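Worksheet: the structure to be examined is printed underneath.
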Amino acid sequence: MVVAQSSLLAALLAFTAVVDNALAFALPQDADSNVTTNSSFNQFDSLNFTVGGRLKSAVPFEAPCFSTVQGESRTVDPSACSALQSNYTNPLYRVTHFGAYMLPQWETCQSSNGAEGCLLDSNDPTNPAAYTGVNCQLGNIEVKYVSDVQAALSFSRQTGIRLSVKNKGHDYKGRSSGKDTLALWMTGLRSMSHTSSFTPASCVNKTYDVITTGAGVFTQELYEFADSVNRTVIGGYHQTIGFSGGYFLGGGHSILSPVYGLAADRVVQVKVVTPDGIYRTVNECQNTDLFFALRGGGGSAFGVVIESTHRVEPQFPIQAAVLKFTPRASTDIGAWYTLTVDNSLQWANDGWGGHIVGPTLIHVTPLLNNTEAVTSMQPAIDFVNARNGSVVIQEFPSWLSFFNTFVPAAQAAVGPELELGTRLIPSKFFSTAEGRAQLGALVNATLPFASPYIVPATPWLYKPLPDAAGATSFTPAWRDAIWHLSIKWQFQYNDTLAEREAGYRTLSEHLQQFRDLTPGSGAYFNEGDVYEADHEQSYWGENYAKLLQIKSQYDPYHLLDCWQCVGWKGETDPLYQCHVKL
């Protein structure tokens with residue numbers, strides 16, 4: 001077994017309380033100080049003692065640039081502010097701060113009418129209008145062992161104070177933050193190990209080649225570790241995704257998924273603290289109901305994951321296709337999307353997975369050699385060459401080599417206030433002329449609003465393992481989809497409540513046309529519309545009834561609820577008071 005050393009094997013526990021329209025800690029104290037004794041907060045003093053004095057107040061991420069923080073005047077820190085402005089859209093910088101989310105609207109209380117907040121202008125972080133005369137408010141804590149999670153759950157049961165769980169902050173729906181919540185920050189659990197012959201607990205005659213990761217390991221470091229032991233991990237298309245957190249819990253697509261499945265397909269064991277405070281090991285041989293729920297059931301609804309163990313593949317070469325052109329005519333983008341509709345079924349059968357947005361395509365396949373890759377991509381190559389675009393069809397010796405070459409520049413942006421809506425597009429819209437015509441027409445009709453972001457990263461060729469080892473709880477619609485399609489809307493740092501409401505409504509209305517085209521299909525839990533219609537069907541389909549039963553068994557008091565997660569009680573729950581109500 002190979003073990004990666006970690007300088008910090010710790011999870012961070014954070015108390016966050018939101019005031020007006022920003023995430024905030026309620027105690028007036030220095031950002032880095034431990035919780036002080038106060039008769040009004042004896043319950044937090046007790047928790048702080050239980051976790052060894054590691055309960056800390058939250059730190060406003062953007063605070064160095066503001067002269068008013070939580071209603072108190074302070075001196076702006078020019079050096080710290082400059083560093084923050086320079087790194088405002090840098091995921092590797094944001095991921096080190098509890099108060100920073102990859103999509104900053106979830107740092108605020110969006111339902112507020114007030115002008116107070118703590119956001120910079122993502123289009124120009126140096127724009128003084130964002131922080132001049134504005135009261136910055138936000139929130140943070142630190143803990144270490146499994147017992148700290150148990151202490152937080154016990155605290156919530158005893159006090160009624162709600163919990164939220166944050167890992168890296170890649171959150172499109174506000175599930176990892178919440179007003180007046182005690183928040184567990186899992187980012188410090190960074191252990192990694194490789195075992196070539198791993199037997200899940202209580203199993204007999206079952207072995208897997210695996211990597212086990214703590215909840216706080218992010219994808220860049222995981223891919224580097226896997227490469228160092230000549231293995232390939234099937235994971236996300238970003239440097240800072242928390243691999244053993246919400247990513248796999250919601251299904252977890254990868255551009256290698258067409259051949260190797262979703263992340264949830266590849267989990268063989270999870271160690272989790274359930275709401276009753278019990279630290280459980282779940283797999284195909286014990287706690288199989290919970291194992292099923294954690295493989296696609298989404299969010300922290302069933303427990304707080306401490307570590308997970310995933311099947312890996314040997315290191316293998318991959319072919320990459322990277323195509324880009326500048327549109328010359330108004331019809332070029334529409335024609336390009338039509339071409340991708342016409343060819344996506346064949347590309348899926350050839351093992352290609354990737355991203356298409358506007359006049360760009362980045363795909364990879366492990367199934368073809370370079371000559372075969374060129375032949376497979378020839379229609380797209382001809383289209384791009386006819387417009388004097390750029391074409392790269394290149395073999396890479398490993399996933400990491402491809403990832404380091406292309407992904408940091410192509411991954412989803414952080415810092416802008418973006419919102420997504422998604423739909424899984426079934427194979428019938430690619431396998432018949434009628435289906436292709438319908439899909440192509442709707443995509444073209446959407447272009448005046450936004451260029452759809454197409455992620456052909458569904459488990460099209462993957463065959464699940466038999467029995468409990470292959471049982472997953474994400475919607476079965478994933479198995480028959482060729483595309484995971486998304487459209488987006490971008491807010492501005494100073495949008496009014498009315499403008500935020502209009503943005504969410506507009507996005508949902510455009511997405512509804514794809515729902516109407518694909519009745520009975522679904523959407524991706526991790527990237528779904530905040531206001532996903534019939535979310536139980538969209539995210540889980542026929543699996544929802546079983547998931548709800550498991551939720552009731554393990555969390556009867558709803559200690560671990562989140563927006564549109566299993567067991568959701570609706571938007572009137574005070575936990576969601578900062579979500580805009582449409």
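Residue 99 is checked against (1) under 24 Å from residue 221 (Cβ atoms); (2) assigned to a loop (DSSP other than H, G, I, E, B); (3) modelled with pLDDT of 55 or more; (4) open to solvent by 10 Å² or more (accessible area, probe 1.4 Å) and fails just one. What number does that condition carry?
Every listed condition holds for residue 99 apart from (4).
If you take just the helices (runs of 4 or more DSSP H) that sit entirely in segment 1-94, which of them hold at least 2 residues that are modelled with pLDDT of 50 or more and hydrophobic (A, V, I, L, M, F, W, C)?
By residue number, 42-50, 78-86.
What residue, among those in segment 290-304 that are open to solvent by 10 Å² or more (accessible area, probe 1.4 Å) and within 17 Å of the chain's Cα centre (by Cα), is farthest from residue 474 (Cα to Cα)?
Within segment 290-304, the match that is farthest from residue 474 (Cα to Cα) is 300.
Mind checking which residues of segment 435-484 are open to solvent by 50 Å² or more (accessible area, probe 1.4 Å), over 12 Å from residue 261 (Cα atoms) and among the hydrophobic types (A, V, I, L, M, F, W, C)?
437, 441, 445, 449
Quick one: residue 554 ticks every box in (1) buried (at least 21 other Cβ atoms within 10 Å of the Cβ); (2) touching a helix residue (DSSP H, G or I) at 6+ places or on another chain (Cβ under 6 Å); (3) modelled with pLDDT of 95 or more; (4) among the aromatic types (Phe, Trp, Tyr) except a single one, so which number is it?
The failed condition is (2).
Out of all the residues in segment 347-370, which are part of a helix (DSSP H, G or I) and surrounded by 21 or more Cβ atoms within 10 Å (Cβ to Cβ)?
Matches in segment 347-370: 347, 348.
Looking at the structure I just gave you, is residue 193 open to solvent by 10 Å² or more (accessible area, probe 1.4 Å), part of a loop (DSSP other than H, G, I, E, B) and at pLDDT 95 or above?
For residue 193, the condition - open to solvent by 10 Å² or more (accessible area, probe 1.4 Å), part of a loop (DSSP other than H, G, I, E, B) and at pLDDT 95 or above - is not met.
Taking the residues in segment 157-190 that are over 27 Å from the mean Cα position of the chain (by Cα) and not in a loop (DSSP other than H, G, I, E, B) as candidates, determine which candidate is surrounded by the most Cβ atoms within 10 Å (Cβ to Cβ).
Selected residue: 157.
Go through (1) part of a helix (DSSP H, G or I); (2) within 26 Å of the chain's Cα centre (by Cα); (3) over 22 Å from residue 436 (Cβ atoms); (4) in contact (Cβ under 8 Å) with a residue 24 or more places away in the chain and name the single condition residue 344 misses.
Every condition holds for residue 344 apart from (3).
Under 9 Å between Cβ atoms, which residue pairs at least 6 apart in sequence (or on different chains) link something in segment 535-550 that is on the phi > 0 side of the Ramachandran plot with a partner that is buried (at least 21 other Cβ atoms within 10 Å of the Cβ) and of a type outside the set (S, T, N, Q)?
541/474; 541/477; 541/522
Select from segment 430-455 the residues that are within 27 Å of the chain's Cα centre (by Cα), in a helix (DSSP H, G or I) and not aliphatic (A, V, I, L, M) and list them in ascending order.
Within segment 430-455, just 446 meets the criteria.
Does residue 283 qualify as being more than 23 Å from residue 218 (Cα to Cα) and not aromatic (Phe, Trp, Tyr)?
Spelling it out, it is not the case that residue 283 is more than 23 Å from residue 218 (Cα to Cα) and not aromatic (Phe, Trp, Tyr).
Restricted to segment 496-523, and to residues that are without any contact (Cβ under 8 Å) to a residue 60 or more places away in the chain and hydrophobic (A, V, I, L, M, F, W, C), which residue is farthest from residue 130 (Cα to Cα)?
502
What's the number of the condition residue 410 fails, among (1) more than 24 Å from residue 260 (Cα to Cα); (2) modelled with pLDDT under 95?
(1)
For residue 180, indicate whether it is of a type in the set (D, E, K, R) and within 19 Å of residue 471 (Cα to Cα).
Criteria not met by residue 180.
The values are calculated or read from the model by the stated rules, or taken from the named source; none is laboratory data. Since the model is a prediction, treat every value here as computed from it, not as a measurement. Backbone-built Cβ (ideal geometry, glycine too); neighbour counts: all protein chains shown. For the accessible areas, the whole protein counts, side chains as well, though only heavy atoms, and no ligand, DNA or RNA atoms are used. Shrake-Rupley method; radii C 1.70, N 1.55, O 1.52, S 1.80 Å.
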